[in-house]
Every structure is written in C-alpha cells, then in structure tokens.
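Trainee: This is the structure I have questions about; it appears just below.
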Amino acid sequence: MGLFGIAVFIALVMSQPFRFSDPSYFYFDDFFYYLVPARSFLATGTFSFHPAVPTNGFQPLWMVIVASALAMSAHHALAFYVLLNAIIAALFVFSFYQATTLLREGGASRTLQAAGGVLVAALQLEIATTGMEVALTTPLLLWLTRKVLARSLSEMRPRALAGIGLLGSGVILSRLDAAVLLLPLAVALVWTDRPKPSAFGWLAIGALPLWAYGITSYVLSGSALPISGHAKMLKGLTWPTLHPLEPLALELGRYAVVSPVAFLVVFALAAFAPAKADADGRARTLINAGFIGVLAYYAAYCFLTDWRLWFWYKYPLAWLCVLGCLKMASGARRSVEIVTLGIATLLMIVAIRIMIPRTPSSNWIYGHARAIAEFEKTHPGNYAMGDCAGTAAYLLPSPVLQTEGLVGDAAFLEHVRKRLPLRALLETYGIDYYAAVGAEMHDGCYALREPAMAGPASPTMIGRVCSAPLLHRDGPLALDVFRVADVE
C-alpha cells in the first residue's frame, strides 16, 4: 500500500509541468547542460553545448538516458518531457522501494522502514524532479548496498560478483563523484570478507562499462573525468575551505526545516543508538564505512574546489540516513524511532512546500532565458553567458557559449587558467552579446567575472562595462545583456 501511495503521489507531482504551455520551466538550469549537448549529438554526432567547443562535461549514464529519451521522442518537446517524467517517476518509486527493502532485510521495524523511505523520497522530490542525474544515483546506491550487505563477497558465485561490479560501475557512471562514497565501503568489504583473488577478476569484468567509459573519454577528450570537474578544481590542492558547503548551510534561512540539518539529526540519533550484543559485526563495519564515505565526500570537495555546491550535492545524505536507520535497527528505543519518523515526515512537508510553487513565473532563471530569447529576435548574433546559461541555450535558436567552462573543453579551461581578459575570450569565440547574471556595480561600472560561481582561490577572467546594458531584468540575481564591444 505504501509503495502504491508513493507511486500515485509522484505521478501527480510529475504531471505538474503540463499545466503550462512550455514544460521546460519545471527543470533546473543545469539539466539543460545535458539536453543541449544531447540535441547536438543526435544532430551532428558530437557532444557540444556550443558548436566550437566539444565537451564531455556531463555524467555519462544520465546522458545516455537523456539522449535516448530525446531520440525515442523524435525531438518532439512534449513527447520528450512526458517520457523524461515517466523515467524520473519510476526512479523515484524505485528509490523508495530500495530504501524500505534494505531496511526490512536489515531487521528494521516498520517505523524505521517508513522513516528511511520517506527521507529518501523527500530528497528525491526536491532533487530528482529538477532533471538532475542523482535521480538515478540514489536508487542504484541503495541497491548496491542491499547486495553487499546480504552476502559476503567470499560466498558469492562468479555471476553474482560480476553483478556487483556492474552495479558498482552503474553507481559511478551515474555520478562519478560517487566513487568517493564507495571507496571506504570497498576497503571494508575486502577487509571483512577476505575474497579470493579470482573474485577481483569477476568484479572487474562486471565493471567493464566503467573502464570502457574511462578509456573512451580519455581518447576523445584527453581526460577520463568530465571537464566540468576539472573546471571546478582549477584552484589546485591548497588549504581546504568551507566555501563549497555555504549554500547547503544557508538553506537554514530559507525553510523551516532544512534537509541537511534534518539528515544530520537522524545521523546523530543513529550514532548514539546502542547496539545489541548479538548485532551483526560485518554489517556494523560496512555501515560505519558508509558514514566515513559521506564524510570523505564533502571533505574532498572542501580540499579540491572552492565552488559552491548546489542542492543536488545532498544526495549522499539520503544514503547516510538509510544507513543510520539501519544502525538504529540494532538497538534504538521505540521513542527514537518515532522521532526519526517525525523528522522524515516534516522533511517531506518541506520538500512538498519547495516543489508546489514551481511555475513559469516563479522560476526566475527561466524568466531570464525567455527575456534573452525575445531580445535575440531583434538582436541576432552569437551569445555568451556564464551562470544560468542552460535554459537560455535551450530556448535560443542560435548557440550559446558557456563561459564557466562546465561544458567546455581543455582549450577553454586553459583560457581560464591563464586568466585571459573576458573581452579577449569573447572575441576569440566570435561572440557579439554577453549576458551576465548578478553583475555588481563598482565605481559606476558593471564588474564582470567568469566563472562567477568560482571561489577566491580559483582563476577567473574579468572585465567591466561602463555603459548601460541593452537589456536589464530584475530578479534574485539581475540579468544584464551587453555588447561585447562595450566590455573593457
């Protein structure tokens, strides 16, 4: 009954975009860093956001899904979004199923099963419905956890080991930074299970899609990692900074209950839950390894980048809390279980509160993109934009150069690394108009900085404009469009 209810609920949620003439307003701007290159690939055979810049700046498995959905819909917008929403809805239900089944198999009470399922559902409601790739990562991660907790690697037959390798590669290919989450778990599995040497061979055979992607990406682009990751790590290995975590912490000021805070509270309840004397020592070791993996995930970003992390980087917290509920199953009091379910329910209410007001008028990034598309009708030419360029590139008939490098190539990142003046960069790519979001005024001039989302230790390209913009639109971050000839 619970699974049926969640299926009906998500079906209603995913019908929201079709209340309006253009469903694209419903999806977050970064989703179009998949859709625009997918459209290019089906037309030209090359992944590119801008024709002059081939790219691998995306998570591979989600790109396969997006491109396949686009091909199956024959580029018909409504058919594509119907198919995309059906996929996201199925993944939502699958996430809930994997979370509750994992907890049931781990001996958790019905209360904890419900709490874990609702926690995962709340996070998926906030993130997956925006079109981001973690819609796929979360259920695959939970499914893999079920498999490795169910049986020791040393007891598995070759086929099962290959299946574990395949599932693990699927998790990583859906979101490459998930490798950081899985590394402590992999070490713990080897330590506790002591698999035979042949087992590693079968695991590697199952993981062949991962090796194939790495080799193909390296041959075609010179890197096994997406260019988006390189773009965010140009600061190099310097002192760690908490700057990446600031957006997650700032959610405290936006909503009554904050998902990072709520998830951490659940983790704290799990951490102090007493374990039964007969608790499974192997399971406890693997759960603790998962906790370490989540900590390592966020610590790695604090070391490697000073870019701000957006809300979809919270996906490891879903795993964290399912593991926490699993740990509670070995000794938590009934009152703690009820408190956990209460937190999960409150978190779901907040997630619904975030999702329900989503309309074309409430999506200011979509509003900016529509304004640029109207402006382009009377000002044809080549456009460039940094932050919020995804939706604009989808709506404009002409290509848009993304000036953050997230969907660029190695040559583009070299310009950023060398701190090329912004005007020189725009002229290099033959750009006529530059759209800036959130440009600040200094001494009567607009201060331009790309990538705008980069922190203080990262290299940036700067410029300024001391004349009035050709187009201005207010918003949480204002939009201004300038002639490249006016950029100094």
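Trainee: Tell me which helices (runs of 4 or more DSSP H) are completely within the range 174-251 and hold 1 or more residues being over 20 Å from the mean Cα position of the chain (by Cα), or say none if there are none.
Mentor: It comes to 178-193, 197-206, 208-221.
Trainee: So, one more: Can you give me the number of residues within the range 227-244 that are without any contact (Cβ under 8 Å) to a residue 40 or more places away in the chain and either touching a Ser or Thr at 6+ places or on another chain (Cβ under 8 Å) or under 25 Å from Pro37 (Cβ atoms) (or both)?
Mentor: Residues flagged as without any contact (Cβ under 8 Å) to a residue 40 or more places away in the chain and either touching a Ser or Thr at 6+ places or on another chain (Cβ under 8 Å) or under 25 Å from Pro37 (Cβ atoms) (or both) within the range 227-244 amount to 0.
Trainee: Also: Which number in (1) surrounded by fewer than 20 Cβ atoms within 10 Å (Cβ to Cβ); (2) under 23 Å from the mean Cα position of the chain (by Cα) marks the one condition that Gly408 misses?
Mentor: With respect to (1) surrounded by fewer than 20 Cβ atoms within 10 Å (Cβ to Cβ); (2) under 23 Å from the mean Cα position of the chain (by Cα), Gly408 is out only on (1).
Trainee: Same structure, new question: Which residue pairs have Cβ atoms under 6 Å apart, sit 6 or more places apart or on different chains, and have a first residue in the range 344-356 that is farther than 17 Å from Val322 by Cα and a second that is modelled with pLDDT under 80?
Mentor: Filtered contacts from the range 344-356: Val350/Tyr255; Val350/Val257.
Trainee: State which residue is farthest from Glu450 (Cα to Cα) when the search covers only the range 394-409 and only residues that are hydrophobic (A, V, I, L, M, F, W, C) and part of a loop (DSSP other than H, G, I, E, B).
Mentor: Leu396
Trainee: Does any residue in the range 381-399 that is touching a residue at least 60 places away in the same chain (Cβ under 8 Å) and assigned by TED's automatic domain parsing to the domain that holds Thr130 come within less than 6 Å, Cβ to Cβ, of a residue that is in a loop (DSSP other than H, G, I, E, B) and of a type in the set (Asp, Glu) six or more places away or on a different chain, and which pairs are these?
Mentor: none
Trainee: Using beta carbons and a limit of 7 Å, which pairs, at least six apart or on different chains, have the first residue in the range 194-215 and among the aromatic types (Phe, Trp, Tyr) and the second one surrounded by 13 or more Cβ atoms within 10 Å (Cβ to Cβ)?
Mentor: That search, which allows pairs on different chains as well, returns Trp202/Pro158; Trp202/Leu161; Trp202/Ala162; Trp202/Gly165; Tyr213/Pro60; Tyr213/Leu173.
Trainee: How about the range 145-166: which of its residues are surrounded by fewer than 17 Cβ atoms within 10 Å (Cβ to Cβ), in a helix (DSSP H, G or I) and touching an Asp or Glu at 6+ places or on another chain (Cβ under 6 Å)?
Mentor: Ser154 - this is the single residue of the range 145-166 that is surrounded by fewer than 17 Cβ atoms within 10 Å (Cβ to Cβ), in a helix (DSSP H, G or I) and touching an Asp or Glu at 6+ places or on another chain (Cβ under 6 Å).
Trainee: Here are Val64, Val53: which of them is in the same structural domain as Phe20 (by TED's automatic domain parsing), hydrophobic (A, V, I, L, M, F, W, C), surrounded by fewer than 24 Cβ atoms within 10 Å (Cβ to Cβ) and without any contact (Cβ under 8 Å) to a residue 12 or more places away in the chain?
Mentor: Sole residue among the options that is in the same structural domain as Phe20 (by TED's automatic domain parsing), hydrophobic (A, V, I, L, M, F, W, C), surrounded by fewer than 24 Cβ atoms within 10 Å (Cβ to Cβ) and without any contact (Cβ under 8 Å) to a residue 12 or more places away in the chain: Val64.
Trainee: Residues to consider are Ala485, Ala447, Ala424, Ala457; find the one that is part of a loop (DSSP other than H, G, I, E, B) and either at pLDDT 95 or above or surrounded by fewer than 22 Cβ atoms within 10 Å (Cβ to Cβ) (or both).
Mentor: None of the other options fit; the residue is Ala457.
Trainee: While we're on this one: Pairs only if they're at least six apart or on different chains, beta carbon under 6 angstrom, first in the range 306-320 and assigned by TED's automatic domain parsing to the domain that holds Ala121, second basic (Lys, Arg) and part of a helix (DSSP H, G or I); list them, first residue then second.
Mentor: Trp307/Lys232
Trainee: As an exercise: evaluate Thr391 against (1) of a type in the set (S, T, N, Q); (2) in a loop (DSSP other than H, G, I, E, B); (3) surrounded by 18 or more Cβ atoms within 10 Å (Cβ to Cβ) and give the number of the one condition it does not meet.
Mentor: The failed condition is (2).
Trainee: Ok, one more. Looking at the range 122-141, I want the residues that are buried (at least 24 other Cβ atoms within 10 Å of the Cβ) and have a partner that is part of a loop (DSSP other than H, G, I, E, B) and of a type in the set (Lys, Arg) with Cβ atoms under 8 Å, at least 6 apart or on another chain. Which pairs are those?
Mentor: Glu133/Arg175; Val134/Arg175; Leu136/Arg175; Thr137/Arg175
Trainee: Here's a check for you: in the range 4-46, which residue that is within 19 Å of the chain's Cα centre (by Cα) and hydrophobic (A, V, I, L, M, F, W, C) is farthest from Ile431 (Cα to Cα)?
Mentor: Met14
Quick grid of which residues meet (1) assigned by TED's automatic domain parsing to the domain that holds Val134; (2) closer than 19 Å to Met385 by Cβ; (3) out of contact with any Leu (no Cβ under 6 Å at 6 or more places or on another chain); (4) at pLDDT below 95:
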| site | (1), (2), (3), (4) |
| --- | --- |
| Leu12 | yes, no, yes, yes |
| Phe18 | yes, no, yes, yes |
| Leu35 | yes, yes, yes, no |
| Thr44 | yes, no, yes, yes |
| Phe58 | yes, yes, yes, yes |
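The values are calculated or read from the model by the stated rules, or taken from the named source; none is laboratory data. The model shown is predicted, which means the values in this text are computed figures rather than measured ones. Cβ: placed from backbone, ideal geometry, glycine included. Neighbour counts: every protein chain shown.
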